[in-house]
Amino acid sequence: MDLCSIASGSSGNCTYVGSENTGVLIDVGISGKRVEAGLNSIDRTAKEIDGILITHEHSDHIKGLGVLSRKYSLPIYTTEKTAEAILQSGKLGNIDPELFRCIRPDEEFMAGDLKILPFEISHDAAQPVGYRLECGGKSVGIATDLGQYSEYTIARLQKLNALLLEANHDVNMLQVGRYPYYLKRRILGARGHLSNESAGQLLCRLLHDQLKAVFLGHLSKENNYEALAYEAVCAEVACGGTPYQPRDFYIQVAKREQASQMVTV
């Protein structure tokens, strides 16, 4: 299985996951043109994509959905309430409702030869989900936009070979930054976003010998930066009381404006 972050951050998110026979996008929160350029940079094309998985309806996850769905008639997999929110927003132009394939948390479905498990996440959206994708005994996970995590979250992310995990903000930067109070409260709340430290603590619960790669994603442009996220997560792993050290895994920060290195597991 292949995993590549085409774009990741508070300004737009798009991830590619594929097997030898099937390729899907998780979220398309950047322009259709940027999605296609990102796919081309990893020797893929939009014509090869078999579907789009949407985590939730916020603009940084669906900005390019209207253009891509109209151009390529791609099936759109998402929860019923998220589909309703997308269609009712009217911000993406006309999208054929027949393209939507409504899915339910904790009910597996197939897209080509990919077995996909949506799972509930804590975020202030209609019916948000993360995803676990499996093929040929390998598995990858997408877990961003988490205000908090629980034993339920940990159970859905066990025994992965690769993971894209949110490390959205540094708490101190957020608290002293220029965001208004209500927005700071939202981000720090149970339906907001994971801090660097929380991401590292969650990662400690997921480490095992077969986890090969970790992307740190969805970084805030205002309240984080790459080196800080990386060092904070690595510090949590180093001090987390597990048998592992950060050097035991390939950890990289997913880029905001360009595709990250493809990881094959």
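Say the dipole of the chain comes from +1 at the beta carbon of Lys and Arg and -1 at that of Asp and Glu; which of I54, L203, G189 then lies farthest toward its positive end?
Of the listed residues, the answer is G189.
Given axes a ≥ b ≥ c from the Cα gyration tensor, I'd like to know whether segment 1-128 is rounded (a/c under 1.5), prolate (a/b larger than b/c) or oblate.
In terms of gyration-tensor shape, rounded.
Could you please put V176, V265, V237 in sequence from largest to smallest accessible area, using a 1.4 Å probe?
Descending accessible area places them as V176, V265, V237.
I'd like the distance separating the alpha-carbon centroids of segment 153-224 and segment 25-98, in whole Å.
24
Helix-only mean residue ellipticity at 222 nm, the chain, DSSP H runs n ≥ 4 weighted -39,500 (n - 2.57), per residue, nearest 500. What is it?
-8000 deg cm²/dmol
Rounded to whole Hz and in sequence order, give me ³J(HN,Hα) for segment 200-212 from the Karplus expression 6.51 cos²θ - 1.76 cosθ + 1.60, θ = phi - 60°, writing x for Gly and Pro.
With coefficients 6.51, -1.76 and 1.60, one gets x, 5, 5, 4, 4, 7, 10, 5, 7, 4, 9, 6, 9 Hz.
Please count, across the chain, the pairs of lysine residues with Cα atoms under 16 Å apart that sit 8 or more places apart or on different chains.
13
Can you classify segment 17-62 as rounded, prolate or oblate using the Cα gyration tensor, where a ≥ b ≥ c are the square roots of its eigenvalues, rounded means a/c under 1.5, and otherwise it's prolate if a/b beats b/c and oblate if not?
Oblate shape, in that a/c is at least 1.5 and b/c is the bigger or equal ratio.
Which percentage, to the nearest 5, of the DSSP beta bridges contained in the chain is antiparallel?
If I count the DSSP bridges inside the chain, around 55 percent turn out antiparallel.
Using only the Cα atoms of segment 95-203, build the gyration tensor, take square roots of its eigenvalues as a ≥ b ≥ c, and label the shape rounded, prolate or oblate: rounded if a/c is under 1.5, else prolate if a/b is larger than b/c, else oblate.
oblate
The values are calculated or read from the model by the stated rules, or taken from the named source; none is laboratory data. Everything quoted here is computed from the prediction, not taken from an experiment. Because the Cβ atoms are built from the backbone with ideal geometry, glycine has one as well, and the counts that use them run over all protein chains shown. Ligands, DNA and RNA are stripped out before the accessible areas are found, and what is left, the full protein with its side chains, is counted by its heavy atoms. Shrake-Rupley method; radii C 1.70, N 1.55, O 1.52, S 1.80 Å.
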